[in-house]
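Reading through the structure tokens given below for one structure.
Values quoted throughout were computed directly from the atomic coordinates according to the rules given, and no laboratory measurement underlies them. Remember, predicted model here, so these are calculated numbers, not experimental data. Positions of Cβ are backbone-derived with ideal geometry, glycine not excepted, and every protein chain shown enters the neighbour counts.
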């Protein structure tokens, strides 16, 4: 019986532990993270934007956020009419919609997007150099 319990403990110790929290809708933390994303999102997509949250992970002073931007009230964003295309001359066919992923760090009382991408067509945050800082919010990537 002792060996059975030892085997269970060993098995459980190999399972990944979720080291992050997901702030619930309506919390100040969630609002602060969305506010941190907004300036770059509006620079890329034009103002105003609101976000549909796909994933938020916070651990201590680091966070990973994945959102889809839309116009207030749920209106779609036409990528062809965004500053990314009109100002930056990025081909609209190489932009993966108004999807945004960001890695943030808390600096004092505010969250700062250290890395933020709009319309990325790859998993840019899977870069191993990011793992020392964001491992706790990217456990499936930073193993």
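Tabulated data for the structure shown
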item	result
Relative contact order (%) - the chain, alpha-carbon pairs under 8 angstrom, separation at least six	22
The chain: angle of helix 28-45 to the longest principal axis, Cα-based, in degrees nearest 10	40
The chain: calculated mean residue ellipticity at 222 nm from DSSP helix runs of at least 4, using -39500 (n - 2.57)	-7500 deg cm²/dmol
Relative contact order, percent, segment 101-143 [alpha-carbon distance under 8 Å, six or more residues apart]	27
Inter-site label distance for residue 109 and residue 80 at 7 Å from Cα along Cβ, in nm	4.6
Extension gain from residue 87 to residue 31, taking 0.36 nm per residue of separation minus the Cα-Cα distance	17.3 nm
Cα long-axis angle, helix 2-13 against the chain (0 to 90 degrees, to the nearest 10)	20
Rounded if a/c under 1.5, otherwise prolate or oblate - segment 89-136, Cα gyration tensor axes	oblate
Cα-based equivalent ellipsoid of the chain: semi-axis lengths in Å, sorted from largest, via gyration tensor	35, 17, 14
Extension gain, residue 129 back to residue 19 (0.36 nm per residue minus Cα-Cα distance, nm)	37.7 nm
